[in-house]
Amino acid sequence: MRDSHADSRAELDPDTGLIVVLLERLRTQRLPRLMDIKVKVDRGGRLDTFDISFLTDVFADATGLQARWEQHPELNEIIGKMTHLYHEITERALNNEGDNPDATRPGPHS
């Protein structure tokens, strides 16, 4: 007699546990902090050392896991949205650092 639980565990993707942990970290830690930073830069604020360190860590983690994500096309939508959010934050932050007279005005999502 076969153990159906053993069979189902054997068929699980070996990345499943890692993906669950990373998505939970995204939901509870990364995304809330990214949204706080986005509000800050949309209001014309500048990134401080902690913001830059956080964004650098997020980017390094994403880059380090890129090969693994490529094996999971089911995550493409989430990855695309996070990439877009990161781009919005960094683009607005760069504008806020420059001499652009629009830099202190709130962004379109404020």
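The values are calculated or read from the model by the stated rules, or taken from the named source; none is laboratory data. Nothing here was measured: the structure is a model prediction, and the numbers come from that model. Cβ coordinates were reconstructed from backbone atoms using ideal geometry, including for glycine residues, and neighbour counts include every protein chain displayed. Just so you know, the surface numbers come from the protein's heavy atoms only, side chains and all, with ligands and any DNA or RNA stripped out. Shrake-Rupley method; radii C 1.70, N 1.55, O 1.52, S 1.80 Å.
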>> Ile52 - would you say it is within 13 Å of Arg30 (Cβ to Cβ), of a type in the set (A, V, I, L, M, F, W, C) and either touching a helix residue (DSSP H, G or I) at 6+ places or on another chain (Cβ under 7 Å) or modelled with pLDDT of 95 or more (or both)?
In response: no
>> Quick check on this structure: which one of Thr83, Thr63, Thr28 is in a helix (DSSP H, G or I), modelled with pLDDT of 95 or more and out of contact with any Lys or Arg (no Cβ under 7 Å at 6 or more places or on another chain)?
In response: Thr28
> What residue, among those in the range 3-20 that are modelled with pLDDT of 55 or more and open to solvent by less than 80 Å² (accessible area, probe 1.4 Å), is farthest from Glu70 (Cα to Cα)?
Replying inline: Gly17
>> Cβ-Cβ distance below 7 Å, separation of 6 or more or different chains: which pairs start in the range 60-71 with a residue that is surrounded by 11 or more Cβ atoms within 10 Å (Cβ to Cβ) and end on one that is of a type outside the set (Gly, Ala, Ser) and at pLDDT 90 or above?
In response: Trp69/Leu75; Trp69/Ile79
>> Filter the range 44-53 down to the residues that are in a helix (DSSP H, G or I) and open to solvent by 40 Å² or more (accessible area, probe 1.4 Å) and list them by number.
In response: Thr49, Phe50, Ile52, Ser53
